[in-house]
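One structure is given below, encoded as structure tokens.
The values are calculated or read from the model by the stated rules, or taken from the named source; none is laboratory data. This is a predicted model, so every value here is computed, not measured. Using ideal geometry, Cβ is built from the backbone for each residue, glycine included, and neighbour counts are taken over all protein chains shown. Keep in mind that these areas ignore ligands, DNA and RNA; they rest on the heavy atoms of the full protein, side chains included. Shrake-Rupley method; radii C 1.70, N 1.55, O 1.52, S 1.80 Å.
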Amino acid sequence: MHAADDIRGWLIDLDGTLVCGGRAMPGAPAFLEACGGRFVVVSNDAEHTPAELADDLRRIGLEIPADRIVLAGAFALDETARRRPGARVLMLAGRSLARHARARGLRPVQTRPDIVFLGRDRQFSHARLALAANAVRAGAELVVANPDLVHPGPNGTVVPETGALLAALLACTGPVAYRLVGKPEPTLFAAGLALLDLPKRVVAMLGDNPRTDGEGARRFGLRYVEIADGAFPQIQGETACRHETSVMALPA
Ligand SMILES: [Mg+2]
């Protein structure tokens with residue numbers, strides 16, 4: 001256990017790290033301040049655009065510019081638009097991401113898609129599952145925002161996430177190859193690191209989930225700092241945290 005003295009930039013998870021239950025974690029504004037702008041939020045969010053999220057975060061007291069936010073859903077669409085410009089996409093996602101897809105030149109369609117995009121689709125239904133499964137069986141590429149099955153809801157409940165919809169889809173298609181963008185895959189870590197413009201050895205991932213934040217950081221070659229009980233790491237003698245946070249060194 002030691003303070004994070006030699007870390008010069010941070011990739012930071014959102015839910016459970018900066019935000020919990022729709023509120024900013026008590027130490028979050030001070031921690032971001034102490035980072036001095038050298039951070040990028042990296043989240044498996046498969047529902048919002050960075051601009052929308054920046055607005056939401058501002059309302060709860062977190063000033064994070066949209067260009068410092070990398071979200072799995074929006075990023076997957078950005079990447080899809082670069083790889084396959086103008087592609088026809090069956091969107092299993094909310095309206096924000098459908099608008100985002102159009103803004104990137106992709107064409108949301110219901111029939112004969114080139115790509116099936118799977119995000120956090122709150123309108124998921126038997127009919128949408130049938131469309132998606134048959135499109136994939138007919139050869140459409142499958143792009144999945146994140147592998148998360150659920151996230152915690154109020155009073156011990158769970159909220160289904162993109163991975164749960166993927167499980168339903170794969171139950172219909174059988175095993176198929178698909179492009180997975182969110183943590184623990186390296187894509188978002190690479191995008192966040194590129195925005196920081198710092199070498200890997202002085203950057204750490206701060207998160208609350210060892211399976212996504214921790215495992216992804218390990219695979220990508222970044223240190224992982226786990227936040228527990230809302231305790232943020234110390235930066236340059238700042239006392240924004242209540243407890244010391246463990247910093248796991250990379251294996252040699
Ligand atoms: Mg989290």
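Structural remarks
- Some residue of the range 90-98 being open to solvent by 10 Å² or more (accessible area, probe 1.4 Å), of a type outside the set (A, V, I, L, M) and without any contact (Cβ under 8 Å) to a residue 40 or more places away in the chain: yes
- Total residues in the range 28-47 satisfying the condition of being in contact with a strand residue (DSSP E or B) (Cβ under 7 Å, 6 or more places away or on another chain), within 15 Å of the ligand (Cβ to nearest atom) and assigned to a loop (DSSP other than H, G, I, E, B): the figure is 1.
- Any hit, the range 14-27, residues being within 12 Å of the chain's Cα centre (by Cα), assigned by TED's automatic domain parsing to the domain that holds Ala217 and either open to solvent by less than 10 Å² (accessible area, probe 1.4 Å) or within 16 Å of the ligand (Cβ to nearest atom) (or both): yes
- Annotation: of all residues in the range 109-127 being over 19 Å from the mean Cα position of the chain (by Cα) and surrounded by fewer than 18 Cβ atoms within 10 Å (Cβ to Cβ), the one that is nearest to His48 (Cα to Cα) is Gln123.
- The single residue among Arg88, Arg95, Arg58, Arg83 that is under 26 Å from Leu32 (Cα atoms) and basic (Lys, Arg) turns out to be Arg58.
- Restricting attention to the range 152-164 and to residues that are within 16 Å of the ligand (Cβ to nearest atom) and modelled with pLDDT of 85 or more, the residue that is most open to solvent (accessible area, probe 1.4 Å) turns out to be Val158.
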